Amino acid sequence: MSELKTENLSCKRGENIVLNNINFSIKSGETLVVKGRNGSGKTTLLRILSNFITSYEGKVMLNDLNILEDNLYNNKFNLIGQKNSLKDNLSIKRNLELWDILYNETLDHPNLLEHNNLHQLINRDASSLSDGQKKCISLHRLNYNNYELWLLDEPFVYLDEINTNSLIEKINLFNENMGMVILTSNINLPKKFHKEFII
Amino acid sequence: MNELLDMGGYAIFVWSSYGIFFFSLFIFFLINILNLRKYEKMFNKTKNKID
Amino acid sequence: MYIKIRNNHIELIKSANPYLIFATIFVFVIGLYFSLFQSPPDYIQGDSMRIMYIHVPSAWFALMTYSILAGSCVLWFITRNPLFNVIARSIAQVGMVFTLMSLITGSIWGKPTWGVWWVWDARLTSMLILFFLYIAYIFLWQAISNKELASKISAALAIIGFINIPVIKFSVDWWNTLHQPASISKLSAPSIDVSMLIPLFIMTAACFLFLVTVSLIRFRLVLIENKIIRTGN
Amino acid sequence: MSNLIKRDLLLSFYSSANFFFTVSFFILILILIPFAFSTQTDQLKILFKGIVWIALALSIIVTVDRIFNADYEDGNLDIIMQKNKTIEHLIISKYLTYWFIYCLPLLVILPILSFLFYLDYLETIQIFINLFIGSFGMVFIANFVSALTLGAKRTIFLKAIIMIPLFVPFVIFGSDADSWPILLALSMLSFVISIYVTAYGLRLYGE
């Protein structure tokens with residue numbers, strides 16, 4: 001049972017205050033939806049939680065250990081950003097191959113993609129896919145195992161109804177396996193998650 | 001007077017270098033002062049909008 | 001060490017502006033009078049050495065401005081005081097103009113003295129490189145859309161350039177001795193007559209006043225630019 | 001660290017930066033020498049010693065975007081930075097792969113090329129040593145320039161303007177046979193500067 005919480009988190013970008021006194025906590029098996037308007041600092045919050053931004057006030061604690069001091073923290077979360085991390089000039093198959101090396105884990109891609117009806121895309125160039133298809137492939141990275149925290153930045157953008165539901169299903173399954181999820185969204189989601197937080 | 005303009009045979013070199021020097025300095029000065037005016041106007045406009 | 005720029009400082013700079021412009025023009029006119037009328041021609045180079053009175057000050061200020069630029073970038077990294085960033089950004093373009101001027105007047109001076117427009121010696125080559133360092137600083141700042149970041153990145157570049165200049169000076173010097181015998185160093189005047197020092201001094205003062213005047217105008221410009229960037233976001 | 005090297009090599013192999021293409025690039029640049037100047041043996045010899053450096057500089061300028069910029073623009077840099085233990089690991093493996101992909105081919109074909117340009121064994125070995133040492137220094141420089149200009153998209157000329165003044169000392173000492181110790185010192189200096197500046201640039205853009 002682990003717990004992630006922030007204490008009086010504030011972040012300044014130049015003269016602008018982006019985040020002001022953020023306090024929340026989530027436990028294993030819970031999902032936190034961070035809501036807010038465009039430019040309200042949702043992405044900044046995720047980049048703090050993923051240790052990219054290190055100059056901020058307040059603390060982020062995972063199991064009462066500051067994430068800035070936790071050397072193993074980088075192996076505990078899986079961040080899916082707004083960019084797709086796809087090489088446009090390569091086929092999906094080769095993109096997945098490159099991801100496998102980076103994530104240091106070889107997945108059975110054809111099987112997993114078939115589950116989402118994406119297997120017909122595998123030999124196409126990434127540049128020929130639509131934005132929604134790219135997003136689906138990008139979210140395919142959630143299949144990499146051994147993470148206790150998912151950080152998802154706007155995962156539902158471009159997704160159609162079926163894919164939205166299957167992503168929600170995936171998140172629920174991950175929660176049942178005691179995983180934590182923090183996701184950002186600027187629209188109302190079809191399903192209520194455990195916790196909601198409005199910036 | 002002619003002697004001065006002639007510069008001992010080096011007229012082209014001396015006068016062109018002085019000419020280029022002061023012309024460029026003046027143009028540079030002008031660009032900056034005009035830019036400043038423009039930006040001040042722009043800034044006052046946005047300030048009025050906010051007020 | 002933290003100096004905050006207040007409105008009354010800007011007002012002060014604003015009110016000093018006309019006086020500075022007037023002083024610059026005044027000193028330039030006196031300098032022109034001395035350098036073109038009052039000083040005797042050189043006994044070797046004749047009247048062509050009058051170009052020195054504008055060439056040498058601009059070369060000095062080209063180097064000095066880059067030192068100030070790199071110095072304020074270092075200070076900015078140490079103290080995190082945004083004032084130093086504003087100083088660096090307001091002074092850079094003046095330095096670029098001085099570098100360009102020293103290159104142009106230098107090569108015009110070189111034609112009658114050396115017989116060629118350009119000589120590949122260490123001083124000239126490092127001056128040319130210095131010009132491109134200024135260009136890199138100014139245009140890298142413009143190329144990066146996130147201006148907060150652009151300032152930091154271009155400041156880092158300015159410091160690297162400052163390290164690079166002596167390396168280039170050294171390597172070109174070395175290359176020069178290998179490829180061609182130094183012909184220029186013999187020509188550089190062994191001692192300057194007092195009658196030439198006076199116009200040189202006055203022109204230096206005038207160039208300094210120009211540097212200050214335009215830098216202060218650009219100082220205001222940069223501050224407003226910063227405010228527009230901030231409110232625009 | 002080894003994962004990143006493996007991935008970068010595979011990526012460059014997939015995206016037309018394989019050994020064959022880089023070698024072709026170098027040969028074609030050097031073919032221009034006899035066309036542009038002359039085919040006299042003694043002149044070709046002198047020109048070759050200089051133009052290998054220009055070819056190396058050109059290949060680095062053309063490909064500098066592939067070090068960090070491409071990964072930054074599509075988001076892969078986030079994964080790379082997350083998966084590497086320290087940022088220094090990341091940077092050093094980038095140095096190695098970049099050198100391996102874009103500088104090693106030149107060194108490999110250098111003996112053949114110098115044969116075509118009438119150089120003798122001793123001269124070839126001297127150029128080889130100089131290129132070996134100097135290319136590392138140039139790679140260090142290209143790396144930090146790439147890291148610093150992540151936010152400036154499609155500005156290859158600006159990057160060239162930033163890099164070429166930094167390449168000047170390498171080209172000067174590189175085209176002289178006996179100055180490899182100075183070249184080594186320059187490479188080491190640029191390594192020290194580069195590792196700090198690259199880390200600084202990457203951290204800034206990570207934010």
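Data for the structure
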{"quantity": "Residues residue B:5 and residue A:178, FRET efficiency given R0 of 56 Å [Cβ-Cβ distance, rounded to 0.05]", "calculated": "0.05"}
{"quantity": "Sequence of B:10, D:118, A:158 once ranked by neighbouring C-beta atoms within 10 Å, starting from the fewest", "calculated": "D:118, A:158, B:10"}
{"quantity": "Prolate/oblate/rounded call for chain A, Cα gyration tensor, a/c under 1.5 rounded", "calculated": "prolate"}
{"quantity": "Residue order, fewest to most surrounding Cβ atoms within 10 angstrom, among C:101, C:196, D:138, B:7", "calculated": "B:7, C:196, C:101, D:138"}
{"quantity": "Helix runs (DSSP H) in chain D reaching 15 Å along axis by Cα, Kyte-Doolittle at least 0.5", "calculated": "D:19-36, D:41-63, D:87-102, D:104-116, D:121-148, D:156-174, D:180-206"}
{"quantity": "Nonlocal amide H pairs with residue A:79, under 5 Å, H built at 1.01 Å", "calculated": "A:151"}
{"quantity": "On Cα atoms only, tilt of C:82-114 relative to the major axis of chain C in degrees", "calculated": "20"}
{"quantity": "Stretchable slack from residue A:123 to residue A:20, in nm (0.36 nm times residue separation minus alpha-carbon distance)", "calculated": "32.5 nm"}
{"quantity": "Helix axis angle, B:11-50 relative to chain B longest principal axis, alpha carbon, degrees", "calculated": "0"}
{"quantity": "Principal-axis tilt of helix A:161-176 within chain A, Cα atoms, nearest 10 degrees", "calculated": "60"}
{"quantity": "Anisotropy class of the stretch C:1-98 from Cα gyration tensor, a/c 1.5 cut", "calculated": "oblate"}
{"quantity": "Positive minus negative residues near residue D:127 (Lys, Arg vs Asp, Glu; Cβ under 15 Å)", "calculated": "-2"}
{"quantity": "Burial ordering of A:57, C:11, A:154, fewest other beta-carbon atoms within 10 Å first", "calculated": "C:11, A:57, A:154"}
{"quantity": "Percent of C-alpha pairs per 10 Å bin, the protein assembly as shown, short to long", "calculated": "3, 13, 19, 20, 19, 14, 8, 4, 1, 0"}
{"quantity": "Highest-fluctuation residue, A:49, A:139, A:107 considered, GNM on chain A with Cα pairs under 10 Å", "calculated": "A:107"}
{"quantity": "FRET efficiency for residue B:38 and residue D:62, using Cβ-Cβ distance with R0 set to 41 Å, rounded to 0.05", "calculated": "0.60"}
{"quantity": "Student exercise, the stretch B:6-51 dipole from Lys, Arg, Asp, Glu Cβ charges, in Debye to nearest 20", "calculated": "500"}
{"quantity": "Three-way shape call for chain C based on the alpha-carbon gyration tensor, with the a/c threshold at 1.5", "calculated": "oblate"}
{"quantity": "Cα centre as origin, Lys/Arg/Asp/Glu Cβ charges: the stretch D:2-206 dipole, Debye", "calculated": "480"}
{"quantity": "Distance violations [Cα-Cα > 30 Å] among A:134/D:153; A:192/C:227; A:195/D:153; A:134/A:195", "calculated": "A:192/C:227; A:195/D:153"}
{"quantity": "Derived scalar couplings ³J(HN,Hα) [the stretch C:39-56; Karplus, 6.51 cos²θ - 1.76 cosθ + 1.60; whole Hz; x for Gly, Pro]", "calculated": "9, x, x, 5, 7, 9, 8, x, 6, 5, 6, 5, 5, 3, 5, 9, 6, 5"}
{"quantity": "FRET efficiency, 1/(1 + (r/R0)^6) with R0 60 Å, evaluated for residue C:227 and residue D:18 via beta carbons", "calculated": "0.75"}
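No value in this document is a laboratory result; all are computed from the given coordinates. Please read these numbers as outputs of a predicted model, since none were measured by experiment. Please note: Cβ atoms are built from the backbone with ideal geometry, for glycine as well, and neighbour counts cover all protein chains shown.
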